[in-house]
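The values are calculated or read from the model by the stated rules, or taken from the named source; none is laboratory data. All values derive from a computational prediction rather than experimental measurement. Methodologically, a virtual Cβ is constructed for each residue, glycine included, from the backbone with ideal geometry; neighbour enumeration extends over all protein chains shown.
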Amino acid sequence: MYLSKTSIVAMTTIELKKLLVHRITEINDVSFLKAIKTILDSKTENELLMLTQEQRNEIIESKNEIEQGLFIDHDTLDKEVIKWSSTR
């Protein structure tokens, strides 16, 4: 069973994977292949995000600032930007 352009025929997961692999091997457009990779990367269940020590420190510092109330909410910031831009 295969996917036709005019109709969708029921496929097993294995059949669909084989079809997709075959179709992908026919694509030579690098930007399109990168887009497919991005989609696949977003659906990988076991993917871990590896952070540097500097990134981890920044996250910890940001959490501490939030706990101390050292932040501004989006709506307030939008208003400040509009006010600032109207004075220029």
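Just a few scattered comments:
- Residue selected from the stretch 41-88 under the condition under 25 Å from the mean Cα position of the chain (by Cα) and of a type in the set (S, T, N, Q), by the criterion farthest from residue 21 (Cα to Cα): 62
- Enumeration of residues in the stretch 21-33 that are of a type outside the set (Gly, Ala, Ser), part of a helix (DSSP H, G or I) and loosely packed, with under 10 Cβ neighbours inside 10 Å: 21, 25, 30
- Residues in the stretch 40-48 include at least one that is surrounded by 10 or more Cβ atoms within 10 Å (Cβ to Cβ) and in a helix (DSSP H, G or I).
- Some residue of the stretch 49-63 being basic (Lys, Arg), out of contact with any helix residue (DSSP H, G or I) (no Cβ under 7 Å at 6 or more places or on another chain) and either surrounded by fewer than 10 Cβ atoms within 10 Å (Cβ to Cβ) or outside any helix (DSSP H, G or I) (or both): no
- The residue pairs whose first member lies in the stretch 27-40 and is outside the structural domain of residue 17 (by TED's automatic domain parsing) and more than 18 Å from residue 17 (Cα to Cα), whose second member is of a type in the set (Gly, Ala, Ser) and modelled with pLDDT of 90 or more, and whose beta carbons are closer than 8 Å, counting only pairs six or more residues apart or on different chains, do not exist in this structure.
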